[in-house]
Amino acid sequence: MRVRLLYFASLADRAGCPEESVDTQAADPAALYDAVRLRHNFSLGREHLRVAVNGQIVEWDHALNDGDEIVFLPPVSGG
Amino acid sequence: MSESVIDPVVEKDRLGDAGAGACVIFEGWVRNHNEGRSVHSLDYQAYAPLALSEGETILDEAIDRFKLRAASAVHRAGSLAIGDMAVWVGVSADHRDAAYNASRWIIDEIKRRVPIWKNEHYADGESGWLHPDNSPVEPNA
């Protein structure tokens with residue numbers, strides 16, 4: 001399946017792009033992050049992140065579907 | 001979320017209610033220092049769809065929890081200079097205790113939950129993304 005990844009803050013800097021489409025067999029965001037982390041050399045472990053799929057915060061074992069928009073959310077710093 | 005300057009006069013108009021006896025406004029400003037470093041300017045990035053829905057959820061929770069008459073909040077995105085207003089939070093309630101408590105609770109929840117990221121540009125030319133406690137994400141970057 002093909003999914004769209006959006007990157008923000010330190011993850012966008014490391015990835016060198018704000019978004020990308022990827023073909024993946026990952027069943028859930030946890031497996032997807034492990035693969036993406038290796039490829040982009042992200043320093044942040046999954047324990048520091050939250051994940052959103054199609055604009056909603058989800059658990060790391062949420063089932064992924066073709067066409068999903070996935071965002072790994074680094075620790076936030078608004079305000 | 002707003003890409004342009006926040007107008008506090010316009011925002012305050014959202015809080016009016018004949019039953020309200022107290023109004024508390026919080027403004028967060030861009031300061032010229034953080035963690036001992038001199039700050040030149042900063043950028044905010046946001047995942048806008050989720051930032052808006054999380055913001056609405058926080059305001060709804062605050063209205064329910066503190067029995068507010070009204071609550072509203074705006075956060076800037078993009079590049080800001082020292083002294084610019086980065087965030088505006090306003091609440092109205094029947095009495096001041098609820099208004100003060102809700103104001104503090106809302107800004108704390110925004111900082112904890114809403115997907116907005118601050119990138120500080122320092123006077124020495126470096127820059128860096130911050131954690132919620134204002135410590136750097138990558139101290140050795």
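The values are calculated or read from the model by the stated rules, or taken from the named source; none is laboratory data. Quick caveat, the model's predicted, so the values are computed rather than measured. Cβ sites come from the backbone with ideal geometry, for glycine too, and all protein chains shown count toward neighbours.
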How many residues does segment A:43-67 contain that are within 14 Å of chain B (Cβ to nearest Cβ) and more than 30 Å from B:R31 (Cα to Cα)? 10
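Conditions (1) under 26 Å from A:Q56 (Cβ atoms); (2) of a type outside the set (A, V, I, L, M); (3) surrounded by 16 or more Cβ atoms within 10 Å (Cβ to Cβ); (4) within 11 Å of chain A (Cβ to nearest Cβ), marked per residue:
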site	(1), (2), (3), (4)
B:S2	yes, yes, no, no
B:G28	no, yes, yes, yes
B:Y47	yes, yes, yes, yes
B:E56	yes, yes, no, no
B:A62	yes, no, yes, no
B:A71	yes, no, yes, no
B:A77	yes, no, yes, yes
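Tally up the residues in segment B:61-99 that are among the polar types (S, T, N, Q) and in contact (Cβ under 8 Å) with a residue 40 or more places away in the chain, please.
Let us first name the residues in segment B:61-99 that are among the polar types (S, T, N, Q), namely B:72, B:79, B:92.
Those still in the list that are in contact (Cβ under 8 Å) with a residue 40 or more places away in the chain too: B:72, B:92.
Residues in segment B:61-99 being among the polar types (S, T, N, Q) and in contact (Cβ under 8 Å) with a residue 40 or more places away in the chain: 2 in total.
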Among the numbered conditions (1) surrounded by 13 or more Cβ atoms within 10 Å (Cβ to Cβ); (2) farther than 22 Å from A:F42 by Cβ; (3) among the hydroxyl-bearing types (S, T, Y), tell me where B:S38 comes up short. (1)
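Filter segment B:7-26 down to the residues that are in a strand (DSSP E or B) and either within 16 Å of the chain's Cα centre (by Cα) or free of Cβ contacts under 8 Å to residues at least 60 places away in the same chain (or both), then identify the one that is surrounded by the most Cβ atoms within 10 Å (Cβ to Cβ). Show your work before the answer.
Here is the first cut: in segment B:7-26, the residues in a strand (DSSP E or B) are B:22-26.
Remaining after also requiring either within 16 Å of the chain's Cα centre (by Cα) or free of Cβ contacts under 8 Å to residues at least 60 places away in the same chain (or both): B:24-26.
On the way: B:V24: 19, B:I25: 16, B:F26: 17.
Only one residue fits best here, namely B:V24.
Within segment A:13-26, is even one residue closer than 24 Å to B:T57 by Cα and of a type in the set (V, I, T)? If you could, list the steps in order and put the result at the bottom.
In the first step, residues of segment A:13-26 are kept if they are closer than 24 Å to B:T57 by Cα; the result is none.
No, segment A:13-26 contains no residue that is closer than 24 Å to B:T57 by Cα and of a type in the set (V, I, T).
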Going residue by residue through segment A:47-55, is there one that turns out to be at pLDDT 95 or above, part of a loop (DSSP other than H, G, I, E, B) and crowded, with 19+ Cβ neighbours inside 10 Å? no
Among the listed residues B:V91, B:V114, identify the single one that is of a type outside the set (D, E, K, R), buried (at least 23 other Cβ atoms within 10 Å of the Cβ) and more than 9 Å from every other protein chain (Cβ to nearest Cβ). B:V91
Of the residues that sit in segment A:1-35 and are in contact with a helix residue (DSSP H, G or I) (Cβ under 9 Å, 6 or more places away or on another chain) and of a type in the set (F, W, Y), which one is farthest from the other protein chains (Cβ to nearest Cβ)? A:Y33
Would you please list the contacts, defined by Cβ atoms under 6 Å and residues six or more apart or on different chains, that run from a residue in segment A:28-43 that is under 16 Å from A:P74 (Cα atoms) to a residue that is aromatic (F, W, Y) and buried (at least 16 other Cβ atoms within 10 Å of the Cβ)? A:Y33/A:F72
Being crowded, with 19+ Cβ neighbours inside 10 Å and either more than 14 Å from every other protein chain (Cβ to nearest Cβ) or not acidic (D, E) (or both) narrows B:A86, B:A123, B:A81 down to just B:A86
